[in-house]
1. Here are some conditions: (1) at pLDDT below 80; (2) open to solvent by 90 Å² or more (accessible area, probe 1.4 Å); (3) under 26 Å from Glu192 (Cβ atoms). Phe15 meets all but one. Which one does it not meet?
2. Just to be sure before I move on: is Thr73 of a type in the set (Val, Ile, Thr) and in the same structural domain as Arg120 (by TED's automatic domain parsing) in the structure I sent?
3. Mind checking which residues of segment 41-97 are of a type in the set (D, E, K, R) and within 16 Å of the ligand (Cβ to nearest atom)?
4. So in segment 18-40, with the set limited to residues that are at pLDDT 80 or above and not in a loop (DSSP other than H, G, I, E, B), which one is nearest to the ligand (Cβ to nearest atom)?
5. So Ile162 ticks every box in (1) open to solvent by 20 Å² or more (accessible area, probe 1.4 Å); (2) among the β-branched types (Val, Ile, Thr); (3) at pLDDT 90 or above but one. Which box is left unticked?
6. Could you give every pair whose Cβ atoms fall below 7 Å, whose first residue belongs to segment 178-193 and is charged (D, E, K, R), and whose second residue is open to solvent by 50 Å² or more (accessible area, probe 1.4 Å), counting only separations of at least 6 or pairs across chains?
7. From the list Tyr91, Tyr129, Tyr100, which residue is within 18 Å of Trp153 (Cα to Cα) and among the hydroxyl-bearing types (Ser, Thr, Tyr)?
Amino acid sequence: MIQYDFNNKTYTCPFCGHAQAYGNSYDITGNGRYKNSSPIPEKYQESSFVIYTFYCSNTSCGRASVMAINKTTRKQIDILPQVTIKQWPLYIPQQIRHDYEEASTIIESSPKAAATLLRRCLQGMIHDYWNIHEKNLNAEITALKDKVTPAQWNALDGLRKIGNIGAHMENDVNLIVDIDVDEAKKILRLIELLLEKWYVARHDEEELLKDITEIADAKETKRKEK
Ligand SMILES: [Zn+2]
């Protein structure tokens, strides 16, 4: 989904991933032959969308994103690109990336199924990254308490309360819980944050340390050659 914030006039370009302020957005009110000035008959209001177009200000991208927002329900439908899925680096295990991508694809149409995939994704991350294996996801989250930052812990603890997941976590991780789109999206955001803070941060740190070690080694070699 295209991420936007009308209050702060910001959006994240789904093509290049840059968060930015937008200067202008073009919106077309109503649909079909109903124009801005004429009121839309009540029976058509449910199918009435406002269409927004954002142009990316990143000059190396510059692409347009288009989304429609239902005037009554505020449901968002992305028109261009139709599905935006964040791509994760290959050093993150395939099963985790796969669950994440599948959940992103279906989150609007089946938030319950998406939430189930996201719980499995989170469990995969806890198993792989932290090497924690408890009797269920609820116990595994508890085991993270002293390992993650207080902010991450609060978010994970909060996750148990979303959609009554805490109660169901005692059961099988694949159990389908009652959850709406907004709640499922919160879980998706949390998974994204944890992928960044755990896997991506660790990788970047390792790369930086490797670079520094290599520079030091090269200098050392040069010194010996003299
Ligand atoms: Zn862009």
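1. Here Phe15 meets the rest and fails (2).
2. Working: of a type in the set (Val, Ile, Thr): yes; in the same structural domain as Arg120 (by TED's automatic domain parsing): no.
Considered against the rule, which asks whether it is of a type in the set (Val, Ile, Thr) and in the same structural domain as Arg120 (by TED's automatic domain parsing), Thr73 comes out as no.
3. Residues satisfying the conditions are Arg63, Asp78, Lys86.
4. Residues of segment 18-40 that are at pLDDT 80 or above, as a first pass: 18-22.
Now restrict to residues that are not in a loop (DSSP other than H, G, I, E, B): 19-21.
Details: Ala19: 10, Gln20: 8, Ala21: 13 Å.
Out of the qualifying residues, it is Gln20.
5. (3) is the only condition that Ile162 fails.
6. If the second residue must be open to solvent by 50 Å² or more (accessible area, probe 1.4 Å), the pairs left are Asp178/Lys112; Glu192/Lys86.
7. Values: Tyr91 fails: within 18 Å of Trp153 (Cα to Cα); Tyr100 fails: within 18 Å of Trp153 (Cα to Cα).
Just a single option satisfies the conditions, and that option is Tyr129.
The values are calculated or read from the model by the stated rules, or taken from the named source; none is laboratory data. Note that the coordinates shown come from a computational prediction; the quantities given were computed from them, not determined experimentally. Neighbour counts run over all protein chains shown; Cβ positions are idealised from the backbone, glycine included. Only protein heavy atoms, including side chains, enter the accessible area calculation; ligands, DNA and RNA are left aside. Shrake-Rupley method; radii C 1.70, N 1.55, O 1.52, S 1.80 Å.
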